[in-house]
Structures are given as C-alpha cells and as structure tokens.
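Okay, structure first, notes after.
The values are calculated or read from the model by the stated rules, or taken from the named source; none is laboratory data. Computed from a predicted model, the values in this text were never measured in an experiment. All Cβ positions, even for glycine, are placed from backbone atoms using ideal geometry, and neighbour counts span all protein chains on display.
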Amino acid sequence: MSATLENRFYDLYTEYFHRAEATRRWNMLNDIPWDLARKEVPDYIPYIVESFCAVELYLPDYTSKILQLVRRSRGRAWFQANWGYEESKHSLVLEEWLVRSGNRTRQEVTDFADTVLANEWNLGFDSPRKMIIYTMFQELATGMNYRKLRERALEAGDEALGTALQFLTKDEAAHHSFFRDGVKIFMDEDRDGTLCDLAEVLANFEMPAQEVIPDWESRGKRIVAEKIFSDRIFLRHVVRPILNNLDVTREELKELSKSTKQVDPEAEDPYADSLAVAV
Ligand SMILES: [Fe+2]
Ligand SMILES: [Fe+2]
C-alpha cells in the first residue's frame, strides 16, 4: 500500500475511533432495560436471535484472519482490533437476551456456542482490497438484519431486545461507513481495479459463516420466510445504495465485470443462486 493510501487509512481510523469513543459506546449491563425482556415472543424471534448470534460467534476467526491479512496497514489493523471489541459485545448481548428473556437456559447457550465454534470460518477473499469490499456489503446487510428484527421485537413488546438491537444497528452502520470510506480510498488510487474486485465480490457474495454454522439451511430459510432478509432486500437496501454512494454506474460495473461472473444490479433477482438461503 502506498504511503499516501496508508496515511488516509490511518486518518480514517483515528476519526472513526474518536467518534466511537465520544458518541457510540454502550454498556450491556446498564443500558438495556432487561426487566422488559419477554419470554412470550413468537418462536421465530429467539431462533433468529440465536442464528445471528452464531454468525457473531466466529469473532476469533474474523479478527485473527483479517488482522493477519491487513497487519502491515496500521490504519486497518488498529481498526480491526477495535472492530473486534465492538463485535464481541454483539454475541454477548444476544446471548444475554436469550437467557434473561427465558427463551434459553445459560447451559443451552453455552452448548450452542461450543457447537458453533467447533467449526472454523475462513476468509472468502485473499486480498485486503477484496475483503474490505466484502465487509462493506456485509456490514450494511447485517445492520439491515438487525433493523428488521428490531421492528419485530418491538411489535412483540420486547423493549430489551429492541434496545439491544438498536445499539447493534448503530455499530454495524458505523462499521459499514468505515469500510465504504476505505473502498473510496482504494478507488481514488485505482478505480478500475477496485471496481473489478467489487464485481467479483458481488458475484460471489454470501453472508459470513453460512457454510459452517450448524443447521444453517433451515435457519436461513426461516430468516427469509419471516422477511427479515432476502435477496430482494439485499439488492434494494444494500447493493443499490452502496453503488449510488460510490457513484458507480451499472454500465461501468457491467463493462468491468465482463471478465468475471456477470452482475446486473437492475436484474430482478440476480443473486438467487448464491443467496437462496442468505442472511
Ligand atoms: Fe456485529
Ligand atoms: Fe459489524
């Protein structure tokens, strides 16, 4: 990475970090109205909370493997360490809700975590640039998952889960913004190369850890069935807004992606194969 690029990443990280410290820190024990957690919510809610928790539980793999990939970039490596801290709270708070609401016992949660971690997640892409593009899409999609689930939690009268998911949604939005601004830095240096990578990432996109989470097929189907997430939501609320924000036209992406699997952001459901059971 050039010195100029590295300096911009470092500035991006310090700005992110100071803003997070000043405006976005939350306390799991003090900031959630735990007495409002409810057992009497529809069954799919704890099932999907547990499924999202499984995705968050691969934190040791996400942090170690991505850190190794970006360790020479101080801006990205320090970000990744801070990201790991923030993400670690996500599985903790989701597990806490499962137990405090009475939907799972502490032992069930522990056993589930052990089962999940018996498998290992591996990097989907082998370059720092492709991984930052991937995480740019993944973080916005994850935020969308939590936003939709939060609406259902509030409809079911669970202010504890609603509050927890609001914190998670804000964290994921901040992660997405960092990665998106990082992609813009790469685009400033090599727009065509970055967009070729973007086309490749989109053509192969799937949410993290689906291939390793036990029982994911039925979990993913339930998430789609309950309209928490779907290919269509991904296209409308993740892909199109990101391409607009990056000021990338469909024509430009199509032209550059000819050497990879074709991606058409205007197609009604272009990810139907890879995202059939996607979160
Ligand atoms: Fe998260
Ligand atoms: Fe995140």
Number of positions in region 150-185 that are among the polar types (S, T, N, Q) and more than 15 Å from ligand 2 (Cβ to nearest atom)
1
Checking the condition among the hydroxyl-bearing types (Ser, Thr, Tyr) and more than 18 Å from the chain's Cα centre (by Cα), which residue from SER73, SER64, SER88 passes?
SER73
Which of the following residues is at pLDDT 95 or above and surrounded by fewer than 20 Cβ atoms within 10 Å (Cβ to Cβ): ALA203, ALA173, ALA160, ALA164?
ALA173
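Could you pull out every one of the helices (runs of 4 or more DSSP H) wholly within region 55-142 that has 3 or more residues that are under 21 Å from LYS39 (Cβ atoms) and not aromatic (Phe, Trp, Tyr)? Show your work before the answer.
Values: elements: 59-70, 74-100, 106-117.
Qualifying helices (runs of 4 or more DSSP H): 74-100, 106-117.
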Within region 59-91, residues farther than 16 Å from PHE125 by Cβ, within 11 Å of ligand 1 (Cβ to nearest atom) and crowded, with 16+ Cβ neighbours inside 10 Å come out as LEU59, TRP83, GLY84, GLU86, GLU87, LYS89, HIS90, SER91
